[in-house]
Amino acid sequence: MRAGGVPGGRPPQPQSASSWSVSPRITRPGGTGACKASSSSSATGSRRPRCGRSLHDAGIDPAPRRTGPTWKQFLTAQARGILAADFVHVDTVLLRRVYALIVIEHGTRRAHLAGVTANPDGAWTAQAARNFLMDLGQRAASVKFLIRDRAGQFTDSFDAVFTAERIRILASPPQAPRANAVCERMIGTLRRELLDRLLIVNEHHLRRVLTEYLRHYNAARPHRSLGQLTPTQAGTRPPEPINLAAHRIHRKQVLGGLTHEYYVAA
């Protein structure tokens, strides 16, 4: 006993917690789990309480729901109604950083340039969201989800523009780029095929370059996830195969020869 008549040591535990030793364990990945409990009163022949009651008395909450689709299954099933947004930044030759907001449709892989700015604050992103939905037109009615990261540019006013159209915001977990993998891969494609191979002067230059490249990306660049179709051809049947040896092929330069498009000459 401590000075002042205060008893020392640990505070007394309830009978249910002191007589039972509970050790939760998972039986298999995604399983319902199991528990084991041993009672000091078992030697006396007393009846053992139920496992759920012992967990409750020990202060252990029920395990979260483990049924339902995985994140990958959800993205596949809801692809037609999912948008994803992210920023890509570019350092100009004048040592200024410029940001571009990219939005991509999961179902068709169609990419959009929502805006370019050097100051992507909350007011700018909200206005960019309004402009994007206006450009999307009637297709916005089929959108159910928008995936974005937790960057400070995505403010409540940005989210409010989409929630007003009954589009649910899905914020990816911190430091989890795979949660927004489709848009992250699009950003990587922009860097590998365009931004790492050009010197950008200013916002106007970046906007013009991205606009031309995204036209090529949507109309002429095939995608494996679409069966080698372009985003503008998504949902259509593949064209009939032809014998290229019997036709003349026309090559068109894109961005001054940075990449090319090929067509069958008339």
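For the range 157-170, putting each phi into the Karplus relation 6.51 cos²θ - 1.76 cosθ + 1.60 with θ = phi - 60° gives couplings of 5, 5, 5, 5, 4, 7, 5, 5, 9, 6, 9, 7, 8, 10 Hz, in residue order, rounded to whole numbers and with x for Gly and Pro.
Annotation for the range 161-241: trypsin sites (Lys or Arg not before Pro) lying in DSSP loop with at most 11 further Cβ atoms inside 10 Å of their Cβ are Arg166. The range 233-266 and the range 162-197 have Cα centres spaced 29 Å apart. Here's how it looks for Ile147: its modeled amide H is under 5 Å from those of Leu83, Ala84, Ala85, Leu170, which are all 5 or more places away or on a different chain.
Can you tell me, using C-alpha contacts under 8 Å and at least 6 residues apart, the relative contact order of the range 71-232 as a whole percent? Over the range 71-232, the number comes to 24 percent.
The smallest convex shape that holds all Cα atoms of the range 71-232, its convex hull, gives 114 Å³ per residue.
Per 0.36 nm of contour for each residue apart, how much would the distance between Arg237 and Arg224 grow if the chain were fully extended, relative to their Cα-Cα spacing? All intermediate terms of the calculation are to be shown ahead of the outcome.
Values: separation 13, 0.36 × 13 = 4.68 nm, distance 1.45 nm.
Full-extension gain reported as 3.2 nm.
Each residue of the range 137-147 is assigned a 3J(HN,Hα), and the resulting list reads x, 5, 5, 5, 5, 8, 7, 10, 9, 10, 9 Hz, derived from the Karplus form 6.51 cos²θ - 1.76 cosθ + 1.60 (θ = phi - 60°), x at Gly and Pro. The H on the amide N of Leu229, modeled in the peptide plane, is under 5 Å from the matching H of His223, each at least 5 residues off or on a different chain.
Read-outs throughout are calculated quantities, based only on the coordinates presented, and are distinct from any laboratory measurement. Just so you know, these numbers come straight off a predicted model, no measurement behind them. As a convention, Cβ positions derive from the backbone with ideal geometry for all residues, glycine included, and neighbour counts pool all protein chains shown.
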